[in-house]
Amino acid sequence: MFGITAFGVATTGYFMSLGSVGLFVLSAIALRLALTDYKLPVLIILIAALLALVALLLSLGALLFGQISQLNMPRTLIAVVLSAAIFVPVFLAGRALEGIPMINDIMTDTNNPPQFEVVPTQRKAFDNSLELSEKRLAFHQKHYGDMKPLIVDGAPDAHFDKAVALVQARGWKIVAQDKTKGVVEATDRTVLFGFKDDVVIRLSAEAGKTRIDMRSASRQGRSDFRVNAKRIEAFLADLRSAIDG
């Protein structure tokens, strides 16, 4: 009836899976090259995921309800693998956003936030703003009020080189460093999409000790999946270990 066969369904699923992969790859390239605001590539990724879901359902349906002898098994299995590889990660990423605050700029000091001086010259017009309004700071305090600076013995210049060495060890690109001011600016980049997060580390004298503040801000995206907060916590913990020896 209607001329629908398992072979036809599987073939449709195969080509739809290839289409979803193509859209995903193009979007990933656009994101890595920062050709435009993230919203358009992300929308295309969502379309690719929807296309992959349909391809996955068609391919699995052909396998479950069709006659195996009528199917091109290599193509059908390829369609299942490719469509699952596109849909599942996107679906899980969407689920991971549940309960995560829409914030992308995290810091250890909201009263006197570490400031970027050189990084803004490398950001594009469509990147997130680095301006910190009272509303944004209040929202930060509500969700990340537990972020604390690192306090260590000694003068700031005694620990500056260790902070720089740790930045380099993490593979972050150093944008600027000034030992006199005790400030390091750097940029981290994700592996797949090449999303860039900018980091500033500030070492200052306080009551005979060194206070180390940090700020990490995503260039694109409303939420950072808590990546910035985790980056700060991990860096300061490792810096503490490096200083303690």
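A few comments on the model shown:
- Cβ pairs under 7 Å, 6+ apart, first in the stretch 100-114 and farther than 18 Å from L236 by Cβ, second of a type in the set (A, V, I, L, M, F, W, C): I100/F225; I103/F139; N104/A217
- Scanning the stretch 160-218 for residues being part of a loop (DSSP other than H, G, I, E, B) and of a type outside the set (A, V, I, L, M) gives a total of 12.
- Summed over the stretch 55-109, the residues that are closer than 30 Å to H140 by Cα and not hydrophobic (A, V, I, L, M, F, W, C) give a count of 10.
- Scanning the stretch 21-56 for residues that are crowded, with 22+ Cβ neighbours inside 10 Å and farther than 22 Å from T190 by Cα gives L51, A52, A55, L56.
- Among all residues of the stretch 122-141, there is at least one that is assigned by TED's automatic domain parsing to the domain that holds V227, small (G, A, S) and over 20 Å from the mean Cα position of the chain (by Cα).
- Any chance L64 is among the hydrophobic types (A, V, I, L, M, F, W, C), in a helix (DSSP H, G or I) and either crowded, with 21+ Cβ neighbours inside 10 Å or at pLDDT 90 or above (or both): no
- Matching entry among V54, V88, V25 (being at pLDDT 95 or above, over 30 Å from K124 (Cα atoms), under 20 Å from the mean Cα position of the chain (by Cα) and outside the structural domain of E131 (by TED's automatic domain parsing)): V88
- Residue list for the stretch 153-192, restricted to those being buried (at least 18 other Cβ atoms within 10 Å of the Cβ) and either touching a residue at least 60 places away in the same chain (Cβ under 8 Å) or more than 26 Å from A30 (Cβ to Cβ) (or both): P156, H159, F160, A163, L166, V167, Q177, G182, V183, V184, E185
- For M147: the one exception among (1) surrounded by fewer than 15 Cβ atoms within 10 Å (Cβ to Cβ); (2) out of contact with any strand residue (DSSP E or B) (no Cβ under 6 Å at 6 or more places or on another chain); (3) not β-branched (V, I, T): (1)
The values are calculated or read from the model by the stated rules, or taken from the named source; none is laboratory data. None of the values given here were measured: they were computed from a predicted structure. No Cβ is skipped: glycine too gets one built from the backbone with ideal geometry, and neighbour counts run over all protein chains shown.
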